[in-house]
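Every number here is computed from the coordinates shown, using simple stated rules; none is lab data. Everything numeric in this text was worked out from a predicted model, so none of it was measured. Cβ coordinates were reconstructed from backbone atoms using ideal geometry, including for glycine residues, and neighbour counts include every protein chain displayed.
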Amino acid sequence: DMKFAKYFGLTGLIVGLAAHSNLGAVFGFLNARPIANGVYYPMYFILTAFITGVFIAYIFMGFRYKLQFPERVKTMLTSLGKIQIFLLSFLAFFMTWKMLTDVYGGMPDRADVALHILGSWLFWAEVILVIMIPLLILLKDIGRSHVAFFYASLAGMAGIGFMRYNLIHDSQLKPLQMLKTQEYQLAPTWIEYAPSAAEWMITLGGIGICMALYYLGSKFFNLDADEHHTEEKN
């Protein structure tokens, strides 16, 4: 029933915007971490959630139709590709000005952390996988290379993993200086972190659960539009 689908879709949009902006505010309210403090992260979380959704839609459709897309699906994917061009361009614009404002002025605990991030291969892996590769493929023919963008979406989802890792790591990169006045303390150094085996297993387990749920959904529910029913209504 499309009437109820619209209501549920609108409700999901409102709840999703509230949830992601609230999650971004957790970082934005970190007054002790100048690199994270501000309005950037609430907007960043909402924007990257939309981008991730388009990547996932392309991946699911690619697996569903085994890259042999019917014409009606191609039309939908082309429209999604055009939306993704805007979203990725906006993200690139957003990240560029975020880094420029972080570096400008040499503010302690902000500029030095930003320069350290710019020198990290993890940051550039995020930029290349999430922004550069998908955007170049989409701009080549304005979103009509559906098979190529399916593979770009796989790369983009890997880049989203780097993005979320960097999000946590970069905001905790520089330790806080304790307010000691009578005791000597060493100057703080960069904190380098690598996920443990248990954390890798939890992450892979979460991915496996999502894949299993999609497999079960594709087996027990009709994910294709009922064309005969649609023609009768028209």
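I need D112, D102 ordered by Cβ neighbour count within 10 Å, fewest first.
Values: D112 17, D102 21.
If I rank by nearby Cβ atoms, fewest first, I get D112, D102.
If neighbour count is taken as other Cβ atoms inside 10 Å, put L23, L47, L204 in order from fewest to most.
Working: L23 15, L47 18, L204 10.
Lowest count first: L204, L23, L47.
Given R₀ = 22 Å, what would the calculated FRET efficiency be for S196 paired with A25, taking r from the Cβ atoms and rounding to 0.05? Before the final figure, lay out each step's value.
Values: r = 28 Å, r/R0 = 1.28.
That pair, S196 with A25, gives E of 0.20.
Ignoring the sites themselves, what is the longest stretch of the chain with no GluC sites (Glu not before Pro) in a DSSP loop and at most 11 other beta-carbon atoms within 10 Å?
Working: sites that count: E183, E192.
Formally, the longest exposed-site-free interval is 1-182.
State the extension gain, in nm to one decimal, for the chain segment bounded by L122 and S218, taking 0.36 nm per residue of separation less the distance between their alpha-carbons. Please report the intermediate quantities before stating the final value.
Values: separation 96, 0.36 × 96 = 34.56 nm, distance 3.48 nm.
Length difference between fully extended and current span is 31.1 nm.
Largest first and to the nearest Å, give the Cα extent of the chain along each principal axis.
For the chain, the Cα extents along the three principal axes come out at 83, 36, 34 Å.
Could you work out the helix-only [θ] at 222 nm for the chain, with each DSSP H run of four or more residues adding -39,500 (n - 2.57) and the total divided by the number of residues, to the nearest 500 deg cm²/dmol? Intermediate values should be presented prior to the final figure.
Numbers: 9 runs with 166 residues, N = 234.
Dividing the helical sum by the residues of the chain leaves -24000 deg cm²/dmol.
Kindly point out which whole DSSP H helices in the chain project their C-alpha atoms 18 angstrom or further along the helix axis while averaging a Kyte-Doolittle hydropathy of 1.0 or above. Intermediate values should be presented prior to the final figure.
On the way: long enough: 2-28 (38 Å, 0.97); 40-65 (38 Å, 1.25); 71-103 (48 Å, 0.80); 146-171 (36 Å, 0.65); 197-220 (34 Å, 1.06).
For the chain, where a helix must reach 18 Å along its axis and average at least 1.0, the hits are 40-65, 197-220.
List the lysines whose Cα lies under 23 Å from the Cα of K174, skipping any in the same chain that are fewer than 8 positions away.
Cross-link targets: K98.
Listed highest first by mean packing, meaning other Cβ atoms within 10 Å per residue, what order do 133-139, 12-18, 94-100 come in? Don't skip to the end; give the middle numbers.
Working: 133-139: 19.3, 12-18: 11.4, 94-100: 13.6.
So the peptides 133-139, 12-18, 94-100, ranked by packing, come out 133-139, 94-100, 12-18.
Quick one: among D109, D141, D170, which has the greatest mean-square fluctuation in a GNM of the chain with alpha-carbon springs under 10 angstrom?
Answer for the Gaussian network model of the chain: D141.
Starting from 0.36 nm per residue, how many nanometres of slack lie between L13 and F63 once their C-alpha separation is accounted for?
Full extension from L13 to F63 adds 15.5 nm.
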